[in-house]
């Protein structure tokens with residue numbers, strides 16, 4: 001008997017089932033098909049402006065910094081300012097995301113390179129798939145547009161988020177993912193990021209910048225009626 | 001039940017009170033009688049918790065049946081201990097899983113069983129006591145009473161009605177004192193380390209009097225404080241609520257306790 | 001032989017004795033006791049739905065366990081569809097062999113590891129070492145204890161038992177290629193040093209191995225939760241990603257995972273969410289510039305399917321947040337290593353006897369005051385004290401309870417079951433004891449209670465028992 005068969009046999013013995021029971025199968029299949037929502041905290045269920053404010057507050061409490069700009073064309077200047085204010089070199093690495101490509105980087109002094117990171121980039125910029133106000137969490141999807149390595153290897157990470165993609169809760173993000181990738185389908189990597197990397201493994205002292213980015217700066221593009 | 005009719009309350013004194021500190025039993029009787037109850041003390045030994053917690057189901061069941069028989073004629077069973085009341089109110093029904101008839105009996109018994117102070121407030125509606133104790137006290141929440149029975153606000157509410165009494169909360173009053181019944185005997189060294197930690201918070205409160213609702217915890221904390229040479233007075237909360245504080249504190253000599261120096 | 005293969009759990013009392021005398025450990029535990037509990041309480045208080053989420057989380061796991069065969073099938077199908085491989089391991093040896101075979105097939109020299117308790121459970125590092133493959137723990141805490149040759153003392157903070165100075169000493173010993181006179185005074189400099197040393201290792205590792213907090217049947221995804229980002233670097237940079245997980249990590253849907261995620265970090269560290277929550281689904285896709293080329297999942301049973309249907313089934317709801325140990329007075333006193341095997345604290349006291357046998361692990365479920373704080377904070381509402389009691393029942397039934405304890409209990413029960421005899425014996429006994437203790441009101445030594453009197457006095461009884469006095473005063477009503 002293979003390990004697989006034996007494990008399933010043991011499991012079914014313990015559960016006193018054969019695996020062929022119709023009602024059980026129907027219940028499991030229905031859960032997988034319907035993906036019912038459980039308890040969704042109402043914290044993020046807010047009108048747009050307040051949702052943006054909540055996201056900002058939550059992300060900041062996780063030690064990210066957040067700026068809001070009026071349109072996508074203002075992102076490069078904001079990125080340049082942030083690099084300058086933090087005494088960082090004016091370099092950025094980005095993926096192929098058109099939203100980033102279309103931004104007027106040339107109007108700034110920032111030297112932008114393209115592609116996945118090999119671990120030697122100081123600064124990276126990515127565009128978020130979305131974000132969740134409930135916990136100040138960014139949602140990143142893998143692929144050539146926004147390589148996963150850029151989320152983790154550079155010391156400093158700038159993430160651009162369109163305010164239209166800011167959800168109140170995780171469940172809304174799941175719906176958007178299903179709309180984009182199909183039911184039951186996922187990008188290879190889906191990264192939720194809540195603040196910069198940290199560790200408390202040395203004497204229970206929380207320190208930023210363990211293995212991932214030491215700094216995380218979020219630029220929200222709010223063309224609607226946001227906080228401004 | 002008609003609230004004007006006198007409630008027949010069977011006092012389950014608990015082994016520790018029966019053997020070590022009868023004055024707590026009499027304090028419980030006074031509180032119950034003052035609240036209009038008719039109190040009896042049916043024949044009793046132990047609720048069976050030591051056997052239950054040591055994995056000895058047979059003895060635990062036998063003792064549970066013995067208690068249920070002995071208290072069959074009482075409207076309520078009240079114990080000056082969250083631990084023993086928790087055993088009877090929460091665990092007796094578990095003991096008879098697989099025997100529907102006995103489990104039904106155990107459930108009915110559990111439903112009429114209460115810890116003393118919460119019985120006074122939650123069932124009898126007592127909001128104040130006639131007692132005077134012009135001292136600063138701190139209160140330890142014993143684990144079973146707190147987490148199995150939800151005893152937390154009740155003793156504080158009644159203590160607030162005691163003349164002259166000031167309650168100063170210790171840090172982490174809801175953290176275990178390390179007693180744990182047979183744990184203190186089986187793992188004496190670890191239990192000792194936990195109670196040592198507990199005394200830091202007791203002393204830190206600055207109160208010269210420590211109260212709690214379970215004699216096991218009280219003997220444990222009193223034992224450690226006295227070993228440290230601390231002059232903190234340790235009593236069961238019922239003694240203070242019943243205005244019966246003439247007996248020497250737990251662990252103090254039989255004659256009126258001379259003030260020790262800390 | 002290592003602790004993995006040779007648990008010291010039977011020597012819990014000796015281990016505890018050493019731990020209580022270790023000032024550095026005591027210093028570290030003092031910090032833990034305060035930090036974690038305050039953080040959890042604050043984060044639970046911030047979320048009005050927290051208690052409802054705990055109920056929801058419990059229900060999801062109960063439903064999943066009752067249908068685990070079906071969700072496993074669904075999960076497996078989705079992993080394969082995404083181009084991954086699923087392996088089944090009945091026990092630790094089988095799991096090690098599957099992983100070693102993959103290493104051999106890939107010609108791997110090094111494995112970068114994210115934190116995985118299952119890897120500890122199957123003692124993977126020793127097996128890799130023996131096969132000439134270098135395991136590199138990349139979680140900072142795991143890295144530190146790997147340098148020290150220790151097992152984790154906490155399931156989410158493996159090195160929580162160490163002080164800053166001990167870690168500094170370890171780094172100076174291990175990182176001999178660095179300047180001897182470098183300043184490591186500040187914790188930040190230690191972190192920076194570890195980051196630098198490990199960064200090179202991430203980039204050169206052949207295989208990335210991680211655990212999984214959840215496996216999602218709906219999508220075939222494995223989920224890891226970290227604060228450092230080490231798990232992500234391990235699994236993203238290497239050519240092959242191996243996930244090692246026990247099979248009860250399955251949840252049906254993304255929505256179910258988010259219910260559990262909402263209680264996980266809050267219970268563990270008090271964070272709203274850990275910094276990195278990553279859902280991985282299969283290997284690199286067409287056009288992907290990064291990510292592993294191969295994706296393997298090793299599903300471990302190791303006795304878990306046999307726990308289903310027993311009084312220990314509820315333990316399989318555990319999501320390894322560590323809240324039970326963070327709130328345990330016994331764990332606070334002795335730390336995690338005293339438990340003598342991979343899983344410490346209350347969850348370890350329940351799980352360890354299942355995994356290494358009650359003969360070896362039986363002391364652990366006895367080492368609890370039953371204060372109930374673990375159950376009160378467990379996000380999955382696992383009745384930990386009740387299950388520890390079930391282990392004590394099994395011990396008692398199998399006559400594994402120590403004979404002195406059994407005899408004492410037997411004598412007590414003998415009297416307790418005979419009320420008249422009990423009253424007689426206690427009247428005489430307490431009378432004598434009360435008389436002897438009258439002057440001091442306490443005993444500093446008692447022949448039958450040395451465990452007690454070693455640390456504290458034993459308060460003397462008042463003398464006459466309550467029942468005797470009641471009978472005298474009220475005629476025995």
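The values are calculated or read from the model by the stated rules, or taken from the named source; none is laboratory data. Keep in mind the model is a prediction, meaning the values are calculated, not measured. Here the Cβ is made from the backbone with ideal geometry for all residues, glycine too, and neighbour counts use every protein chain on show.
Just checking, how many residues over segment A:51-76 are without any contact (Cβ under 8 Å) to a residue 40 or more places away in the chain and under 25 Å from residue A:209 (Cα atoms)?
Residues in segment A:51-76 being without any contact (Cβ under 8 Å) to a residue 40 or more places away in the chain and under 25 Å from residue A:209 (Cα atoms): 1 in total.
Taking only segment C:31-50 into account, find how many residues are in a helix (DSSP H, G or I) and either out of contact with any helix residue (DSSP H, G or I) (no Cβ under 8 Å at 6 or more places or on another chain) or facing chain A (nearest Cβ under 9 Å) (or both).
12
Criterion first (in contact with a helix residue (DSSP H, G or I) (Cβ under 9 Å, 6 or more places away or on another chain), surrounded by 22 or more Cβ atoms within 10 Å (Cβ to Cβ) and either more than 9 Å from chain C (Cβ to nearest Cβ) or over 23 Å from residue C:469 (Cα atoms) (or both)) does residue B:93 satisfy it?
Here the answer is no, as residue B:93 does not meet what is asked.
Let's see how each residue does on (1) surrounded by 24 or more Cβ atoms within 10 Å (Cβ to Cβ); (2) more than 17 Å from residue C:300 (Cα to Cα):
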{"residue": "C:200", "(1), (2)": "no, yes"}
{"residue": "C:213", "(1), (2)": "yes, no"}
{"residue": "C:219", "(1), (2)": "yes, yes"}
{"residue": "C:227", "(1), (2)": "yes, yes"}
{"residue": "C:234", "(1), (2)": "yes, yes"}
{"residue": "C:237", "(1), (2)": "yes, yes"}
{"residue": "C:253", "(1), (2)": "yes, yes"}
{"residue": "C:257", "(1), (2)": "yes, yes"}
{"residue": "C:276", "(1), (2)": "yes, yes"}
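Mind checking whether some residue in segment C:400-411 is touching a strand residue (DSSP E or B) at 6+ places or on another chain (Cβ under 8 Å) and at the interface with another protein chain (Cβ under 8 Å from one of its Cβ atoms)?
Looking for residues that are touching a strand residue (DSSP E or B) at 6+ places or on another chain (Cβ under 8 Å) and at the interface with another protein chain (Cβ under 8 Å from one of its Cβ atoms), one finds none in segment C:400-411, hence no.
With respect to the numbered conditions (1) surrounded by 16 or more Cβ atoms within 10 Å (Cβ to Cβ); (2) modelled with pLDDT under 90, which one is the sole condition not fulfilled by residue C:455?
Condition not satisfied by residue C:455: (2).
So is residue C:359 under 30 Å from residue C:93 (Cα atoms), out of contact with any strand residue (DSSP E or B) (no Cβ under 9 Å at 6 or more places or on another chain), modelled with pLDDT under 95 and away from chain B (no Cβ under 13 Å) or not?
yes
Please enumerate the residues belonging to segment C:435-477 that are touching a helix residue (DSSP H, G or I) at 6+ places or on another chain (Cβ under 9 Å), more than 7 Å from chain B (Cβ to nearest Cβ) and on the phi > 0 side of the Ramachandran plot.
Result: C:463, C:476.
Being more than 7 Å from chain C (Cβ to nearest Cβ) and surrounded by 19 or more Cβ atoms within 10 Å (Cβ to Cβ) is the filter; apply it to segment B:52-62 and report the residue that is nearest to residue B:182 (Cα to Cα).
Going through the qualifying residues, I end up with B:52.
Against the condition within 14 Å of chain C (Cβ to nearest Cβ) and modelled with pLDDT under 95, how does residue B:98 come out, does it pass?
Here the answer is yes, as residue B:98 does meet what is asked.
Any idea which of C:141, C:114, C:132, C:157 is in the same structural domain as residue C:298 (by TED's automatic domain parsing) and on the phi > 0 side of the Ramachandran plot?
C:132
Tally the residues that are within 8 Å of chain C (Cβ to nearest Cβ) and in contact with a helix residue (DSSP H, G or I) (Cβ under 7 Å, 6 or more places away or on another chain), restricting the search to segment B:40-51.
8
Could you please find all residues in segment A:47-62 being facing chain C (nearest Cβ under 9 Å) and assigned to a helix (DSSP H, G or I)?
Within segment A:47-62, A:58, A:61 qualify.
Restricting attention to strands (runs of 3 or more DSSP E) lying wholly within segment C:150-249, give those where 3 or more residues are more than 10 Å from chain A (Cβ to nearest Cβ).
In segment C:150-249, C:207-210, C:240-246 are the strands (runs of 3 or more DSSP E) which contain 3 or more residues that are more than 10 Å from chain A (Cβ to nearest Cβ).
Given the condition within 11 Å of another protein chain (Cβ to nearest Cβ), in a loop (DSSP other than H, G, I, E, B) and under 24 Å from residue A:25 (Cβ atoms), answer yes or no: does some residue in segment C:267-276 qualify?
Scanning segment C:267-276 turns up no residue that is within 11 Å of another protein chain (Cβ to nearest Cβ), in a loop (DSSP other than H, G, I, E, B) and under 24 Å from residue A:25 (Cβ atoms).
How many residues does segment C:250-261 hold that are over 17 Å from residue C:226 (Cβ atoms), in contact (Cβ under 8 Å) with a residue 12 or more places away in the chain and not in a strand (DSSP E or B)?
5
Before we move on, is residue A:101 closer than 27 Å to residue C:290 by Cα, out of contact with any strand residue (DSSP E or B) (no Cβ under 6 Å at 6 or more places or on another chain), free of Cβ contacts under 8 Å to residues at least 24 places away in the same chain and surrounded by fewer than 16 Cβ atoms within 10 Å (Cβ to Cβ)?
Against the criterion (closer than 27 Å to residue C:290 by Cα, out of contact with any strand residue (DSSP E or B) (no Cβ under 6 Å at 6 or more places or on another chain), free of Cβ contacts under 8 Å to residues at least 24 places away in the same chain and surrounded by fewer than 16 Cβ atoms within 10 Å (Cβ to Cβ)), residue A:101 qualifies.
Only residues that are free of Cβ contacts under 8 Å to residues at least 40 places away in the same chain, part of a loop (DSSP other than H, G, I, E, B) and facing chain C (nearest Cβ under 9 Å): list them for segment A:8-46, please.
Result: A:16, A:17, A:19, A:36, A:38, A:39.
Hey, does segment C:74-90 have a residue that's surrounded by fewer than 22 Cβ atoms within 10 Å (Cβ to Cβ) and over 30 Å from residue C:285 (Cβ atoms)?
yes
So that you can scan it fast, the table gives a plain yes or no per residue for (1) closer than 23 Å to residue C:339 by Cβ; (2) surrounded by fewer than 20 Cβ atoms within 10 Å (Cβ to Cβ); (3) modelled with pLDDT of 95 or more; (4) under 23 Å from the mean Cα position of the chain (by Cα):
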site	(1), (2), (3), (4)
C:99	no, no, yes, no
C:119	yes, no, yes, yes
C:132	no, yes, yes, no
C:136	no, no, yes, yes
C:144	yes, no, yes, yes
C:151	yes, no, no, yes
